[in-house]
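S.K.: Structure in structure tokens, see below.
The values are calculated or read from the model by the stated rules, or taken from the named source; none is laboratory data. No experiment lies behind these values; they were computed from the predicted model shown. Please note: Cβ atoms are built from the backbone with ideal geometry, for glycine as well, and neighbour counts cover all protein chains shown.
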Amino acid sequence: MALVGGAVRDALLGALPTDAAPPDLDVVVEGADAGALAAALGLPFLVHAAFGNATVTLPDGRHADLVRARRERYPVPGGNPVPAPGTLTDDLRRRDFGLNALALVARPDGPPTLLDEVGGLEDLRARTLRPLHPHSLHEDASRLIRAARLAGRLDLSAHPELLRQVPDALNMAAQTPRLHAELRLLLHEPRPGRAARRLEHWGAGALLPAGAVERLEALDALQNAGQPVPAQAYAAALLSAAPQPAALAERLGLGEKPAALLARALSDAPAAPGSPEAALRALLRPDAYPVLTGRDVVALGVPPGPAVGAALAHLAALRRAGTVRSREEERAALSAYLHGDAPGGSSSPT
């Protein structure tokens, strides 16, 4: 039994922030039944019979995935791999990058030992992402997005072999549905703009809509300044750069929330300072300003009730016509409206 993957990588890199939740664990089981092992632990577990794997819920709430050691082959590039039973070495060699192929092997008679079958420790020292196979990104183009996510999060560089395979990944992107799932995960990275910029630097910017990198980086800058930016706002920023936002949202499986957030940001509806709508509006409409709200209208002398709605409708019409372009101009227009000398013969409500 061996602990593998990201938990080993991050522990060796010292990459886990002190305020971050401990990661879930991936455990490879060799020559044993994962379900039986999960049951023997005496903890809540769920067996995935179709794959011969099991997920155990640890006392601290984390999950440990117990998976059978396997090898894989790709009959069709871009498609799902076909697994077969294998050894721990097989399991490590099937992985995407060298630094993800390290294992901490449990020993019944002593402390665990670190197993490095593919030169992953050297990759860790160099902080580089090296594909394990010459056709790795051809078989699974989504690995390129995963590489960018890791590079952005852990400040890693691209190995020359990864850069050599970038054109292959671009050619296979349309045939790799898993790529969409990796793009969704990119939007949940601590700094999605940093990961997107890595793709741009590697010559893979075509995987994102034109202008998306800059918009994601602008939201990163807000986070760096201390303003939280949720993943939904990053998704909305990505959609805003797409020629067909609805089609992209459907391909990526983003649901309706990012598109709705984008629509609110592009509208003239008031946006609370520090809200995702306000962040997006500042990004997408740098000439936008905080429009007068119903509370502002009442403070300027309009009695509460239908008259407030009429005044707001009047201001919205002036915005659409381009007659007002600032909060000050809205105040002046509202004053004219209230005194019966608004443009177009409008008169104040009674």
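S.K.: Filter region 296-322 down to the residues that are surrounded by 11 or more Cβ atoms within 10 Å (Cβ to Cβ) and among the charged types (D, E, K, R), then identify the one that is modelled with the highest pLDDT.
M.R.: Across region 296-322, the extreme among qualifying residues is Asp296.
S.K.: Could you run through region 83-136 and say how many residues are outside any strand (DSSP E or B) and closer than 14 Å to His159 by Cβ?
M.R.: Summing the residues that are outside any strand (DSSP E or B) and closer than 14 Å to His159 by Cβ in region 83-136 gives 19.
S.K.: Let me ask you something else. Taking Ala342 and the conditions (1) more than 24 Å from Leu208 (Cβ to Cβ); (2) in contact with a His (Cβ under 8 Å, 6 or more places away or on another chain); (3) at pLDDT 75 or above, which numbered condition does it fall short on, given that it satisfies the others?
M.R.: Against the list (1) more than 24 Å from Leu208 (Cβ to Cβ); (2) in contact with a His (Cβ under 8 Å, 6 or more places away or on another chain); (3) at pLDDT 75 or above, Ala342 comes up short only on (3).
S.K.: Take Ala218 and tell me if it is closer than 23 Å to Pro276 by Cβ and among the hydrophobic types (A, V, I, L, M, F, W, C).
M.R.: Spelling it out, Ala218 is indeed closer than 23 Å to Pro276 by Cβ and among the hydrophobic types (A, V, I, L, M, F, W, C).
S.K.: Additional query: Taking the criterion of being on the phi > 0 side of the Ramachandran plot, in a loop (DSSP other than H, G, I, E, B) and of a type in the set (D, E, K, R), would at least one residue in region 172-189 satisfy it?
M.R.: Taking every residue of region 172-189 in turn, none turns out to be on the phi > 0 side of the Ramachandran plot, in a loop (DSSP other than H, G, I, E, B) and of a type in the set (D, E, K, R).
S.K.: Of the conditions (1) over 16 Å from the mean Cα position of the chain (by Cα); (2) closer than 16 Å to Val229 by Cβ, His201 clears all except one; give me its number.
M.R.: (2)
S.K.: When residues of region 137-155 are filtered for being part of a loop (DSSP other than H, G, I, E, B) and surrounded by fewer than 23 Cβ atoms within 10 Å (Cβ to Cβ), how many remain?
M.R.: The number of residues fulfilling the criteria is 1.
S.K.: Are any residues in region 89-113 under 31 Å from the mean Cα position of the chain (by Cα) and hydrophobic (A, V, I, L, M, F, W, C), and if so, which ones?
M.R.: Leu92, Phe97, Leu99, Ala101, Leu102, Ala103, Leu104
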